[in-house]
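Participant: Structure below; questions to follow.
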Amino acid sequence: MTSSSQNCITQNVAVAQNGTIVHNILNGITVKLCPPSSETYRSIIPQLAVLLKSCVDTNITMNFLQPFSIQDASAFWLSAEEKVVQMKQFVLVAQESQEAQEKDADDNDFRREKLEPPVILGCVILYLAQTPNAKHRGEVGKLIIGSEHRKRGIGKMLLDRMEDEARRHSLKILVLDTQTGSGAELFYERVGYSKVGVLPDVSLAPNGGQYTSCTFFYKRL
């Protein structure tokens, strides 16, 4: 997981007619929930794979070991497709907003005609607990921000939108774990998650060079 600082610019929240939050817009960045559609989900896998590979390549603990190929990263995201379609887990992505892209293309008709799909700047997964006695609980996973897009408040935006989705599904508590001593550990403390404790030497670092400890957090909604 990666860290991101909170941006103090006011958020513009888009709301559908039924009151559901569709996405948050901040400083030209849009946070969206990937719909439970195989076609839509598969269309973003290539960009999600790049984000995941960049973490493993830079020795950030993400449950994988080096060498880690783009095919390995794609396989992880593809393995989640069934649960995304069944709404057992939700993938949220931060992108450059369409409005920002169109504004940049206003003076260039050729660029407008060739407007590329928005680049995914970061992502996070919300897992719903599946056991009968834990329907009130969710787990936060794979919060990743592209290295060139950190310090823009994207991590906080993704968590805020994910927590909105958790409340929509009547979740009462979120849990997560992250690498002890990492920037992510400090980030979760800053944004209101409570530390439970540390499990020492729980996994190997991606480069296999050392054991890493894991810090557990929770947040009541």
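Participant: Within the range 135-143, is even one residue among the acidic types (Asp, Glu), without any contact (Cβ under 8 Å) to a residue 24 or more places away in the chain and open to solvent by 70 Å² or more (accessible area, probe 1.4 Å)? Break it down into steps so the answer makes sense when it comes.
Facilitator: Of the residues in the range 135-143, the ones among the acidic types (Asp, Glu) are 139.
In the following step, the residues that additionally are without any contact (Cβ under 8 Å) to a residue 24 or more places away in the chain were identified as none.
No: the range 135-143 contains no residue that is among the acidic types (Asp, Glu), without any contact (Cβ under 8 Å) to a residue 24 or more places away in the chain and open to solvent by 70 Å² or more (accessible area, probe 1.4 Å).
Participant: Return the pairs, sorted by first residue and then second, in which the second residue is assigned to a helix (DSSP H, G or I) and surrounded by 21 or more Cβ atoms within 10 Å (Cβ to Cβ), the first residue lies in the range 146-157 and is touching a residue at least 40 places away in the same chain (Cβ under 8 Å) and on the phi < 0 side of the Ramachandran plot, the beta carbons are less than 8 Å apart, and the residues are 6+ apart or on different chains.
Facilitator: Qualifying pairs under 8 Å: 146/51; 155/187.
Participant: Okay, next question. For residues that are part of a loop (DSSP other than H, G, I, E, B) and among the polar types (S, T, N, Q), scanning just the range 49-77, find the one that is most open to solvent (accessible area, probe 1.4 Å). I'd like the intermediate steps shown before the answer.
Facilitator: Narrowing the range 49-77 to residues part of a loop (DSSP other than H, G, I, E, B): 58-69.
Next cut, among the polar types (S, T, N, Q) only: 58-59, 61, 63, 66, 69.
Values: 58: 91, 59: 49, 61: 32, 63: 132, 66: 74, 69: 38 Å².
Filtering first and then ranking leaves 63.
Participant: Go over the candidates 36, 46 one by one and state the one that is open to solvent by 40 Å² or more (accessible area, probe 1.4 Å), touching a helix residue (DSSP H, G or I) at 6+ places or on another chain (Cβ under 8 Å) and within 19 Å of residue 158 (Cβ to Cβ).
Facilitator: Working: 46 fails: within 19 Å of residue 158 (Cβ to Cβ).
Answer to the selection: 36.
Participant: Within the range 192-213, can you find the residues that are surrounded by 16 or more Cβ atoms within 10 Å (Cβ to Cβ) and under 22 Å from residue 163 (Cβ atoms)?
Facilitator: Correct list: 193 only.
Participant: I've got another one for you. So, of the residues in the range 144-182 that are open to solvent by less than 10 Å² (accessible area, probe 1.4 Å) and among the small types (Gly, Ala, Ser), which turns out to be farthest from residue 193 (Cα to Cα)?
Facilitator: 146
The values are calculated or read from the model by the stated rules, or taken from the named source; none is laboratory data. Source: prediction; values computed, not measured. Cβ sites come from the backbone with ideal geometry, for glycine too, and all protein chains shown count toward neighbours. Surface areas here come from the heavy atoms of the whole protein model, side chains and all, with no ligands, DNA or RNA. Shrake-Rupley method; radii C 1.70, N 1.55, O 1.52, S 1.80 Å.
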